Amino acid sequence: MKIENESDKINITMMKRTLVLIFFTGFLPIVFSFIPYEKKSKTIQTIIIDPGHGGKDGGAKGLMSTEAQICLEIGLKLGKAIENNFPNVKVLYTRTTDIIPGNKPDKNQGLRYRADFANQSKGDLYIAIHCNSNGRRAGGWYEKRVVDYTYKKVWIGKGKKRRQVTKKSPIYQSFYVENKTVGTETYIWAASKIDSKTTSINADPDDFSGENDSTIVAPDLNDPVMKAFQLLYQKKYFQNSLLFADHVEQEFASSGRSSRGVKQRNQKGIWVLQATGMPSILIETGFITNKEEEEYLNSNDGQEEIVKNITDALRNYIAIMEKQPLNNNTGNKIPEPKNVQSTSAILNRKAATAVHDAIS
Ligand SMILES: [Zn+2]
């Protein structure tokens, strides 16, 4: 365009200003309107923390503490750590005091409340915190064993049949057996269909989980609601649950804990995992029946380490979910998943990689 005179120049300047104004007042708000949208689209907005047991359901017993008490302490610390590390994430607890959640009269109603609460709160991730027990006396127990025999000559029979024989009697010694079972386990629900990715997760018949007495409510898979949950879980939540669970166990192993791996228990079921419409895991943070591990579970350092392990696993999980590496609060980049074979006995690493690839 050829500039004819001064007034045309002024007109062009005004036009430019108007365009700039339109840009800033019109276009930019449109641009910015996508930012909150971006935030809303993050995978994890709400995390449900479920400290196991509570109230008259104390869970497994140790020498100096109950499972319910440790679960609450770790659960509350975990919630605080998540809020500090992920300010956009809302943390909700099924209980924050020593009660059966929802003040329900018994543990089974409490279990239903836990799942209902998670679903109604529209959680994106459900983390149940528990301690393990191997079903034996906490600390250890006395057993008797035969260490030798005594041989004594005794008379038997009467009259002509009376004769002398040697009687063998065992000598017993009492000895103390330490309750040595240790380590962490993370449970997921593998639903019922076994596909190529789930075959390597064993329903471990020898698992020591102390949840037999309290967390199990057998689900009725003929119930259409449960059936729907099962299908949804298989389709949408299984892979995410496995991914997160695997990261949690890797973090435990990296701190020197004895990781017993990712496990599923489909036969007996774990209600809180099956009835929650979101990726869900149940962490057995250690054996309350092992004297040393119970001390660790009760100590501030131990609890802080467990919380850090779960938070680090969560950071990796969220990064994979959102396909963008997040920086942790030390400013370091997230390390690549560690090549820890901690779960090899239970969880085939190939399956975890396949799941990882499928998701990321
Ligand atoms: Zn428990």
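Only one of the numbered conditions (1) closer than 29 Å to Glu295 by Cα; (2) in contact with a Pro (Cβ under 6 Å, 6 or more places away or on another chain); (3) surrounded by fewer than 11 Cβ atoms within 10 Å (Cβ to Cβ) is not met by Val146, and that is (1). Applying the criterion of being free of Cβ contacts under 8 Å to residues at least 40 places away in the same chain and assigned to a helix (DSSP H, G or I) to the residues of segment 47-69, the residue that is farthest from the chain's Cα centre (by Cα) is Gln69.
If the condition is being more than 16 Å from the ligand (Cβ to nearest atom) and assigned to a helix (DSSP H, G or I), then segment 114-139 contributes Asp116, Phe117, Ala118, Asn119, Gln120.
How many residues are buried (at least 19 other Cβ atoms within 10 Å of the Cβ) and in contact with a Ser or Thr (Cβ under 9 Å, 6 or more places away or on another chain) if we restrict to segment 92-112? Walk me through how you get there before you give the answer.
Of the residues in segment 92-112, the ones buried (at least 19 other Cβ atoms within 10 Å of the Cβ) are 94-95, 100-101, 107, 110-111.
Going one step further and asking which of them are in contact with a Ser or Thr (Cβ under 9 Å, 6 or more places away or on another chain), we end up with 101, 107, 110-111.
Total meeting the criteria: 4.
Among the residues making up segment 80-113, those that are more than 16 Å from the ligand (Cβ to nearest atom) and over 30 Å from Val225 (Cα atoms) are Lys80, Ala81, Ile82, Glu83, Asn84, Asn85, Phe86, Pro87, Asn88, Thr97.
Kindly indicate the residue of segment 70-91 that is of a type outside the set (A, V, I, L, M) and part of a loop (DSSP other than H, G, I, E, B) and also surrounded by the most Cβ atoms within 10 Å (Cβ to Cβ) among those meeting that condition.
My answer is Phe86.
Restricting attention to segment 268-278, which residues are buried (at least 24 other Cβ atoms within 10 Å of the Cβ) and touching a Gly at 6+ places or on another chain (Cβ under 9 Å)? Within segment 268-278, Val272, Thr276 meet the criteria. Thr43 satisfies every condition listed in (1) modelled with pLDDT under 95; (2) more than 19 Å from Ala118 (Cβ to Cβ) except (2). When segment 265-301 is limited to residues that are at pLDDT 95 or above and hydroxyl-bearing (Ser, Thr, Tyr), the one that is farthest from Lys180 (Cα to Cα) turns out to be Ser299.
The residue of segment 127-179 that is farthest from the chain's Cα centre (by Cα), among those that are within 30 Å of Gln274 (Cβ to Cβ) and among the aliphatic types (A, V, I, L, M), is Ala138. In segment 45-68, what residues are away from the ligand (no atom under 12 Å from the Cβ) and surrounded by fewer than 20 Cβ atoms within 10 Å (Cβ to Cβ)? Of everything in segment 45-68, those that are away from the ligand (no atom under 12 Å from the Cβ) and surrounded by fewer than 20 Cβ atoms within 10 Å (Cβ to Cβ) turn out to be Gln45, Thr46, Gly55, Lys56, Leu63, Met64, Ser65.
Residue count for segment 294-310, restricted to those that are under 13 Å from Thr66 (Cα atoms) and surrounded by 16 or more Cβ atoms within 10 Å (Cβ to Cβ): 3.
The values are calculated or read from the model by the stated rules, or taken from the named source; none is laboratory data. Small disclaimer: the values here were computed from a predicted structure and weren't measured. Neighbour counts run over all protein chains shown; Cβ positions are idealised from the backbone, glycine included.
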